[in-house]
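Just so it is clear, none of the values below were taken in a lab; they were calculated from the coordinates. None of the values given here were measured: they were computed from a predicted structure. A quick note on method: Cβ atoms are made from the backbone with ideal geometry, for glycine too, and the neighbour counts reach across all protein chains shown.
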Amino acid sequence: MKPRLSASTLASALACSLAGALGIAPAAHASTGVQLYGTIDLGVTHFSGLAPSSGGSAGQTVSTTGLSSGGQSASRIGISGSEDLGDGVVALFRAETGFCATGGQVGASATGFAGRASAGDSAYCSGTGFMGRQDYIGLAGHFGTFLAGRLMNLAYLNEKAADPFAMGMTGNYNNINTELSGAALETNQTLAYVSPAFHGLDTTLGYAFNVLPDYYIVTATHQQQNAVKTWVAGLNYRAGGAFAAVDFQLLDDFVAPPGGNGMQTGALKMYQVSGGYDFGMLKLSALYGHTQMDYFSGDNTSWLLGATIPLGAGDILASLDESKFGLGDPAAPRAKQYAIGYTYSLSKRTNLYASYAHVSNDVGSTRAVGDATDGFTGVSGQDSTGMALGIRHDF
């Protein structure tokens, strides 16, 4: 289903423009007012090839079936608004929280989550707590856009634009993604600037004072621990049916050296290139990511090939992904995923969806199929599959 630019999403488009995903200019936010918006997504899901929460024999896997609160998109509710300050300058804000439309996470006790649900946000199903998805305030005008708060990760937004499943359903790229955005879909304490678009080209610069939640910070031994900081830079292009993006991310104080004093004294560098073209009857997309970490001899790499084919009132979605987990492992185990899905629009705001995905793991890789809300741990060398059938409504 193609992206929808309704009044309720206009104020959020500037944040999304950090990746150039929607190509919205600041002038689109000149209206004054406050909007209540949200998404409710419920889908019946079945996942197999998952690691047991505890015990189990070598190579044993389990499965789970249930109702997911966000197969295609995480359920959320928020308020956004803007105020025309005159002279082409607009003030804007957004505050958004996830919520569990099902009343709680599916399968957490049976399978042992390894995704966002296990990170302390299961009460809200996405984000890190109340109003934990996106929260920002900013100014936009002829000078560009300045934003401050908790923002979507630039790498994640570019991945979402390239992934036919938009990082949702059981085919989402995040199932095997080795890049940073797999751990930090949003970044805390962030300042960002997006330049005005020039012939479809814009630039993004960002800095986060404390990018990751507390559970990613190594416990200090005899010194005060450092916060994980990050620098972000990106170049985005969108014109006609073409889109392309290049982004770079540097994290300081991210990695503790093996055998060290428990302090995070290393750095992580991530490079990503993505793009595609919409031919009308067919949209093709591709992405490549490369990650380097201090104190590790190997690198992580990931790539994606995607296709979207309009059919009737919906779209056929297909993708092929592969990741190599090289950090500290000369054998560099790989995970591969292929996925297919379909979305069908009942109206401009309501659609049905169905998807199927299969992940195959080398020995040493433990990736598993999940969806927009549910993340799992797989079993080394074992395959994982997932399927979903659901309905999504935007308001």
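Quick notes
- In straight-distance terms, cross-link reach from residue 348 covers every one of the lysines whose alpha-carbon lies under 20 Å from its own, apart from those fewer than eight places away in the same chain; here that gives 2.
- Fewest-first ranking of 278, 374, using other Cβ atoms within 10 Å as the exposure measure: 278, 374
- Taking the centroid of alpha carbons for each part, the stretch 150-179 and the stretch 312-380 are 10 Å apart.
- Counting every pair of alpha carbons in the stretch 285-384, the share spaced more than 24 Å apart comes to 34 percent.
- As a proxy for reagent exposure, 269, 324 were ordered by neighbouring Cβ count within 10 angstrom, fewest first; the result is 269, 324.
- Full-extension gain in nm, residue 84 to residue 58, via 0.36 nm per residue minus C-alpha separation: 3.2 nm
- Note on residue 336: aspartates and glutamates with a C-alpha under 18 Å away, same-chain residues under 8 apart excluded, are 159, 163, 179, 299, 321, 322, 362, 371, 383.
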